[in-house]
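As structure tokens, the structure follows; a few thoughts come after it.
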Amino acid sequence: MDAIYVKPDRCMGCRSCEISCAVQHSEGKTLFSALLESPAPMKRLFVEATESVKMPILCRHCEDAPCLNACISGCLYKDENGFVRRKKERCIGCWTCMMVCPFGVVTRDVNKHLAVKCDRCHKLEVPACVNACPTKALVVKNLDEIPKEKRQNVILAETG
């Protein structure tokens with residue numbers, strides 16, 4: 001399964017990912033039209049920062065997803081690719097999914113009374129957040145490649 005992998009050492013906290021996410025989920029799909037929309041389009045990921053680290057936090061589409069398991073209306077489901085998706089017509093706005101998300105990335109649209117979460121920009125080849133990141137702090141990787149890459153970086157650090 002491919003996942004959006006975060007490289008926190010590369011993140012500058014510029015929030016380009018947040019902006020592109022909101023624009024992708026806007027009616028007009030352009031920055032200028034999104035700025036004029038009311039209510040404003042919502043982002044589905046959040047750049048958080050401490051003194052030493054800046055990092056985008058986004059839905060991990062957990063294998064045993066707490067949000068999906070807690071959804072009492074059947075609004076959340078796993079698609080054929082293993083991503084946790086939402087049927088907005090089934091959402092009753094109980095916010096249970098928001099309360100159980102361990103990453104705090106399920107939010108609510110108070111105007112539409114709906115739960116909002118990352119949909120991995122399923123209609124795009126590359127998610128908008130990944131495409132917008134100027135430092136490549138967000139990349140799409142196969143989950144099985146990540147440990148191998150980390151092991152190779154250890155070898156490089158030891159020999160370099």
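The values are calculated or read from the model by the stated rules, or taken from the named source; none is laboratory data. All figures in this text were calculated on a predicted structure; none of them were measured in a lab. Quick reminder, even Gly has a Cβ in these numbers, built from the backbone with ideal geometry, and neighbours come from all protein chains shown.
See the values below:
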quantity	calculated
Matching residues in the stretch 98-112 - criterion: being within 15 Å of Met42 (Cβ to Cβ) and either touching a Pro at 6+ places or on another chain (Cβ under 8 Å) or in a strand (DSSP E or B) (or both)	Thr107, Arg108, Asp109, Asn111
Options Cys59, Cys94: the member that is at pLDDT 95 or above, assigned to a loop (DSSP other than H, G, I, E, B) and over 12 Å from the mean Cα position of the chain (by Cα)	Cys94
Members of the stretch 74-91 that are in a loop (DSSP other than H, G, I, E, B), at negative phi and loosely packed, with under 15 Cβ neighbours inside 10 Å	Asp79, Glu80, Asn81, Lys87
Count of the stretch 36-56 residues which are in a strand (DSSP E or B) and among the β-branched types (Val, Ile, Thr)	1
Members of the stretch 113-154 found to be part of a helix (DSSP H, G or I) and either of a type in the set (Phe, Trp, Tyr) or modelled with pLDDT of 95 or more (or both), listed by number	Ala128, Cys129, Val130, Asn131, Ala132
Which listed residue, of Pro66, Pro56, Pro102, is touching a Cys at 6+ places or on another chain (Cβ under 9 Å), closer than 29 Å to Lys7 by Cα, surrounded by fewer than 11 Cβ atoms within 10 Å (Cβ to Cβ) and not aliphatic (A, V, I, L, M)	Pro102
Cβ pairs under 7 Å, 6+ apart, first in the stretch 11-35 and in a loop (DSSP other than H, G, I, E, B), second β-branched (Val, Ile, Thr)	Cys11/Thr135; Met12/Thr135; Gly13/Val47; Arg15/Val47; Lys29/Val23; Thr30/Val23
Pairs where the first residue, in the stretch 38-62, is without any contact (Cβ under 8 Å) to a residue 60 or more places away in the chain and within 15 Å of Asp119 (Cβ to Cβ) and the second is outside any loop (DSSP other than H, G, I, E, B) and acidic (Asp, Glu), C-beta under 6 Å, 6+ apart	Lys43/Glu18
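Table: residues versus (1) under 24 Å from Pro41 (Cβ atoms); (2) crowded, with 18+ Cβ neighbours inside 10 Å; (3) among the charged types (D, E, K, R).
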site: Val116; (1), (2), (3): yes, yes, no
site: Glu125; (1), (2), (3): yes, no, yes
site: Leu138; (1), (2), (3): yes, yes, no
site: Arg151; (1), (2), (3): no, no, yes
site: Thr159; (1), (2), (3): no, no, no
